[in-house]
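Okay, so here's the structure we're looking at.
The values are calculated or read from the model by the stated rules, or taken from the named source; none is laboratory data. All figures in this text were calculated on a predicted structure; none of them were measured in a lab. In this analysis, Cβ positions are derived from the backbone assuming ideal geometry, glycine residues included, and neighbour counts consider all displayed protein chains. For accessibility, only protein heavy atoms count, side chains too; no ligands or nucleic acids. Shrake-Rupley method; radii C 1.70, N 1.55, O 1.52, S 1.80 Å.
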Amino acid sequence: MTVQPHTFAVIGGRAVRRVLDGHETDLVKVVERAYRTHGEGRTVNPPSYFLRFADRPDARIIALPASVAGNGETSGVDGLKWISSFPGNIGSGLQRASAVLILNNPDDGFPFACLEASIISATRTAASAALAADHLTRTRARPRSIGFYGAGLIARYVHRFLTAAGFHPDQVGVFDAVPGYAADFAASAQRNGLGTVRTVEDGRTLVTGHDLVVFATTAPEPHVTDPTWFDHHPVVLHVSLRDLSVEVVLDSVNIVDDVDHCLRAGTSPHLAEQRTGDREFVTGTLYDVLTGQVTVPADRTVVFSPFGLGVLDLAVGRYVHDTASRSGDLLRIEDFFDDLRRDI
């Protein structure tokens, strides 16, 4: 669709959720198109910028600028996600992350929308994980058990998207360092019709007892260090990026979303690069898997480490904006730009 010239819209969290809820299958397709566009070189996705604070060392705000070319189904879009992570919020009952997404018109650079983006961020992360799980398990039997290491918001979204993508295992387990969080995850799954989830008493039992393992924690550095935990060769969705030791990474087949982005900022693959001095341990990208350039073996542990690309946020944000526009669910601010003409 064509954006109305020089108007500005705000899309709040409730409106974003109305667009996204129940459309998991469509959103996985949106994310897959974005990955393919990125792999074809029709995006701009510079490194994320981390704003850190000397007096709040565990907190950060990240800027993810990006640009996605248009295709036959959607228009191109430029923009920026501005997402904060304040782990201290959890102690007071607030979500750890909050975010906004700015969308810019690629024709003249003017921003045309601001969207609440914590839901968009969680959605694109979960859609990415579900897409990867689908394609990385095609060379082996469909997982009969799924384990979640970490029981926060992202884990819940990944669980929902995996279910929508056709993963219906015999067993789902969850472990969290805070036992109450695992119990909350299990209760939420039951309440939302996602089946029975059992809580697991420790991380080792979680990893060794499941065919598909999802890491979605806030760990700042590796804490899973024993490669023998993975002797059953699971597929691992390493969403939180910093859980696995170098030894585990080097003992696995490694798939990333983007090599340059993933091997930075102290991620587990970045630590592996620093240890080895090269990137030979990276087998390929998800785009390589999608296009058949890489086939993952069935008899090795496969780890997918997605750094999280801004192009995915833009693709989902564009989907939200265009859907909300068609339904009249935009709050338009007609006079947001006051002085547009150069000749005045």
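Normalising the average separation of contacting C-alpha pairs (under 8 angstrom, six or more residues apart) by the number of residues puts the relative contact order of the stretch 29-97 at 24 percent. In this simple spin-label approximation, Thr7 and Ala141 carry label points 7 Å from Cα along the Cα→Cβ vector, and these lie 5.6 nm apart. For the stretch 207-309, the solvent-accessible area with a 1.4 angstrom probe is 36 square angstrom per residue.
Just checking the listed ones, Ala113, Ala272, Ala187: in the Gaussian network model of the chain with Cα springs under 10 Å, the one fluctuating most is Ala187. Could you grab the Rg to Rh ratio for the stretch 266-311? Cα atoms only, Kirkwood for Rh. Rg/Rh: 0.98. One decimal place: the segment Ala177-Glu40 gains 45.3 nm when fully extended, by the rule 0.36 nm per residue minus the C-alpha distance. Rounded to the nearest percent, how much of the accessible area of the chain (1.4 Å probe, protein heavy atoms only) is carbon and sulfur? Carbon and sulfur: 50 percent of the exposed surface of the chain. When the Gaussian network model of the chain links Cα atoms closer than 10 Å, the mean-square fluctuations of Ser67, Ser92, Ser118 top out at Ser92. With a Förster radius of 41 Å applied to the beta-carbon distance between Arg332 and His168, the computed FRET efficiency rounds to 0.45. What you get for the chain, charging only the Cβ of Lys and Arg (+1) and of Asp and Glu (-1), is a dipole of about 560 debye around the Cα centre. Applying Stokes-Einstein at 37 °C and 0.692 mPa s to the Kirkwood radius of the stretch 189-290, computed over alpha-carbon pairs, gives a translational diffusion coefficient of 224 µm² s⁻¹. Compute the acute angle (0 to 90°) between the alpha-carbon long axis of helix 153-164 and the principal axis of greatest extent of the alpha-carbon atoms of the chain; round to the nearest 10°. Computed tilt is about 80 degrees. Segment Ala298..Phe53, full-extension length gain: 83.8 nm, with 0.36 nm per residue of separation and the alpha-carbon distance subtracted.
With respect to the chain, whose longest principal axis is taken over its alpha-carbon atoms, helix 310-327 is tilted by about 50°. Accessible surface for Trp82 stands near 100 Å², nearest 10, in the context of the full protein assembly shown (1.4 Å probe). Comparing Asn71, Asn105, Asn254 in a Gaussian network model of the chain, where Cα atoms under 10 Å apart are tied by springs, the biggest mean-square fluctuation is seen for Asn71. With the alpha-carbon atoms of the stretch 150-232 aligned to their principal axes, the span from lowest to highest coordinate is 35, 26, 20 Å, starting with the largest. Each Lys and Arg adds +1 at its Cβ and each Asp and Glu adds -1 at its Cβ; summed about the Cα centre, the stretch 217-344 shows a dipole of about 140 debye.
Using C-alpha pairs below 8 Å separated by at least 6 residues, the relative contact order for the chain is 20 percent. Seen against the Cα atoms of the chain and their longest principal axis, helix 24-39 is set at about 80 degrees. The separation of the stretch 226-290 from the stretch 55-78, counted between C-alpha centres, amounts to 23 Å. Built from the Cα atoms of the stretch 1-143, the convex hull projects on average onto 11.6 nm², one quarter of its surface area.
Across all C-alpha atoms in the chain, the radius of gyration and Dmax reach 20.1, 71 Å. Packing, as the average of other Cβ atoms within 10 Å across residues, places the peptides 44-54, 126-136 in the order 126-136, 44-54, highest first. Of the residues Gly328, Cys114, Gly91, the one whose Cα sits farthest toward the positive end of the charge dipole of the chain, with +1 on the Cβ of Lys and Arg and -1 on the Cβ of Asp and Glu, is Gly328. The relative contact order of the stretch 102-250 comes to 22 percent, based on Cα pairs under 8 Å that sit 6 or more residues apart.
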